[in-house]
1. Going residue by residue through region 51-72, is there one that turns out to be under 26 Å from T234 (Cβ atoms), of a type outside the set (G, A, S) and not in a loop (DSSP other than H, G, I, E, B)?
2. Of everything in region 127-148, what is open to solvent by less than 30 Å² (accessible area, probe 1.4 Å) and either out of contact with any Asp or Glu (no Cβ under 6 Å at 6 or more places or on another chain) or of a type in the set (F, W, Y) (or both)? Give them in sequence order.
3. Looking at S208, S291, which is the one that is polar (S, T, N, Q) and either within 26 Å of Q377 (Cβ to Cβ) or under 15 Å from the mean Cα position of the chain (by Cα) (or both)?
4. Could you please find all residues in region 208-226 being open to solvent by 30 Å² or more (accessible area, probe 1.4 Å) and at pLDDT below 90?
5. Consider R90 against the criteria (1) in contact (Cβ under 8 Å) with a residue 24 or more places away in the chain; (2) open to solvent by 10 Å² or more (accessible area, probe 1.4 Å); (3) outside any strand (DSSP E or B): it satisfies all of them except one. Which criterion is unmet?
6. For region 471-487, enumerate the residues that are small (G, A, S), under 15 Å from Y453 (Cα atoms) and either open to solvent by 70 Å² or more (accessible area, probe 1.4 Å) or touching a strand residue (DSSP E or B) at 6+ places or on another chain (Cβ under 7 Å) (or both).
7. Since G382 meets every condition but one in (1) part of a loop (DSSP other than H, G, I, E, B); (2) of a type outside the set (A, V, I, L, M); (3) touching a helix residue (DSSP H, G or I) at 6+ places or on another chain (Cβ under 9 Å), which condition does it not meet?
8. Go through region 252-350 and tell me which strands (runs of 3 or more DSSP E), entirely inside it, have 1 or more residues that are in contact with a Phe, Trp or Tyr (Cβ under 7 Å, 6 or more places away or on another chain), of a type in the set (S, T, Y) and buried (at least 20 other Cβ atoms within 10 Å of the Cβ).
Amino acid sequence: MLSRRQRAALLSACTAMAVTGAAVLTAAVASAAVTRYEAETAPATCDGVIESNHTGYSGSGFCNGNSRAGAAAQFTVTASAAGTATIAVRYANGATANRPADVLLNGTVAQSGVAFNGTGAWTTWATTTLTASLNAGSNTIRLSPTTANGLANIDYLDVEVGASPSPSATASPPGRPAQCTGSSPITCHFGVSPGNYTVTAWIGDRASAGNTSMSVEARRRILPAVTTAAGTITQYVFTINVRQPEGQPTGQGGTGTSGLSITFAGSAPKLSGLTVQPAGNPLVAYLAGDSTVCDQMTAPYTGWGQVLPTRVSTGAVVANYGDSGESSGSFLNNSALFPTMRPLIKSNDLVLIQFGHNDKSTTASAFRGNLTTMINQVRARGGVPVLVTPPVRRRFDGNQLDATARHINGVGVDLPAEMRSLGSSLGVPVIDLTAKSEALVESMGPTNSAQLYLRQSVDGVTDNTHFSEYGAGRMADLVVEGIRERNLSLVSYLR
């Protein structure tokens with residue numbers, strides 16, 4: 001049985017647990033003995049080498065996995081009977097970046113993107129707690145890294161079969177708070193101040209099956225609809241940015257309600273618990289852009305920044321300051337936009353800058369000057385500027401997009417080319433969303449590409465600039481692809 005001190009240690013370590021779910025919750029049962037499974041002892045396997053060059057490990061060594069996605073450490077554990085087990089993973093991560101891993105139980109993903117955050121040194125060991133529903137007999141638990149950085153160094157697993165889940169990892173759901181009303185959808189509102197918050201949701205129900213999605217603020221999607229069987233409750237943890245107005249910073253389309261609004265929808269939403277707490281010090285990815293980026297208050301219009309949070313795990317957060325109709329110059333000078341965002345930027349925060357749609361008559365020198373000013377001011381705050389070339393419009397000339405679609409503006413300036421050149425000269429990473437979206441739209445062709453944008457038959461409006469929710473999701477995927485290619489700090493927090 002874990003001692004009170006051990007349980008306190010596990011509680012403090014559980015903040016490393018990532019987004020996207022935990023194990024099935026069952027009624028608490030009496031605790032059983034803890035069994036330790038060392039990473040260096042067969043039948044455990046290590047896709048790397050067993051080393052002993054960093055002190056503080058248990059046994060005769062630890063697993064130092066290869067630096068690649070999928071280079072796993074695997075353990076074989078035994079349960080005398082089927083039931084829930086508490087699993088403590090001891091690890092060290094001397095790097096600064098999180099090294100997330102999927103946890104596979106008997107070959108099936110039980111938890112995705114579990115965080116193994118930096119411990120400060122390779123000789124400093126920490127513990128992350130998980131829960132799993134084990135079968136009677138032999139079970140395999142595989143820690144499979146999801147990034148090219150590979151795993152943290154893995155020392156051992158402590159497995160307590162038959163234990164009730166750790167309160168910090170998959171605690172018994174606290175129940176629906178008074179701030180939530182309704183049944184389909186379930187709407188919740190917390191009167192918090194602007195800032196970043198850790199939101200934990202227990203989705204599912206002990207008595208009935210469910211289908212539940214989760215969004216916050218102005219139609220900002222956090223979790224696509226997930227299906228849960230009766231008796232299954234899954235814990236999800238998110239980092240959420242709250243601001244006022246909650247949609248577009250200038251209030252276009254409505255200002256929303258101050259505080260944090262959360263909506264649980266789907267065909268049969270089930271919510272067994274919800275908590276909101278201030279977030280410690282998350283990595284923030286600020287978005288500076290126009291209507292193709294922003295949090296649109298009114299359906300069916302959807303900015304790619306509105307969908308991006310579904311691709312980001314806890315510990316990082318998207319703060320979307322995109323605003324409809326903005327050019328590089330107007331965003332820079334409007335007091336509600338860049339001047340409001342700039343003081344919030346802290347060291348190592350990312351600022352993704354996308355303009356072009358509304359720079360229809362901006363000269364090359366003015367465009368470069370506006371972007372350079374933003375870049376310099378972001379760097380002055382210790383932030384990391386990233387240029388994102390604008391996504392294409394759907395304007396075909398035969399089977400290819402025309403010059404206007406590719407953002408050659410009314411005075412002949414190739415705006416994406418200017419951004420690429422500026423990024424090269426100033427040493428700023430560039431995500432070429434123009435080229436990526438051009439390839440996507442042209443590959444789909446003049447007819448099928450319409451689904452990326454707004455269609456009269458489906459959306460009640462025809463618009464070949466702004467995205468449907470599906471199209472915004474595809475653009476967000478292209479941005480994520482660019483983040484990975486440029487190996488930006490957000491990579492460690494991508495799902």
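1. Looking only at region 51-72, we keep the residues that are under 26 Å from T234 (Cβ atoms), and these are 69-70, 72.
Still in the running and of a type outside the set (G, A, S): none.
There is no residue in region 51-72 that is under 26 Å from T234 (Cβ atoms), of a type outside the set (G, A, S) and not in a loop (DSSP other than H, G, I, E, B).
2. Looking only at region 127-148, we keep the residues that are open to solvent by less than 30 Å² (accessible area, probe 1.4 Å), and these are 128-132, 134, 137, 139, 141, 143-145, 147.
Matches in region 127-148: T128, T129, L130, T131, A132, L134, G137, N139, I141, L143, P145, T147.
3. Working: S208 fails: either within 26 Å of Q377 (Cβ to Cβ) or under 15 Å from the mean Cα position of the chain (by Cα) (or both).
Every option except S291 fails the conditions.
4. Going residue by residue through region 208-226, those that are open to solvent by 30 Å² or more (accessible area, probe 1.4 Å) are 208-209, 211, 219, 221, 224-226.
Of everything in region 208-226, those that are open to solvent by 30 Å² or more (accessible area, probe 1.4 Å) and at pLDDT below 90 turn out to be R221, P224, A225, V226.
5. (3)
6. Applying the first criterion (small (G, A, S)) to region 471-487 yields 471-473, 476, 482.
Still in the running and under 15 Å from Y453 (Cα atoms): 471-473, 476.
Hits for region 471-487 are G471, A472.
7. With (1) part of a loop (DSSP other than H, G, I, E, B); (2) of a type outside the set (A, V, I, L, M); (3) touching a helix residue (DSSP H, G or I) at 6+ places or on another chain (Cβ under 9 Å) applied to G382, the lone miss is (3).
8. Details: elements: 260-268, 271-278, 283-288, 316-320.
Per the criteria, 271-278, 283-288.
The values are calculated or read from the model by the stated rules, or taken from the named source; none is laboratory data. No experiment lies behind these values; they were computed from the predicted model shown. Don't worry about glycine lacking a Cβ; one is built from the backbone with ideal geometry, like all the others, and counts go over all protein chains shown. Side chains are part of the model used for accessible areas, which takes the heavy atoms of the whole protein and leaves out ligands, DNA and RNA. Shrake-Rupley method; radii C 1.70, N 1.55, O 1.52, S 1.80 Å.
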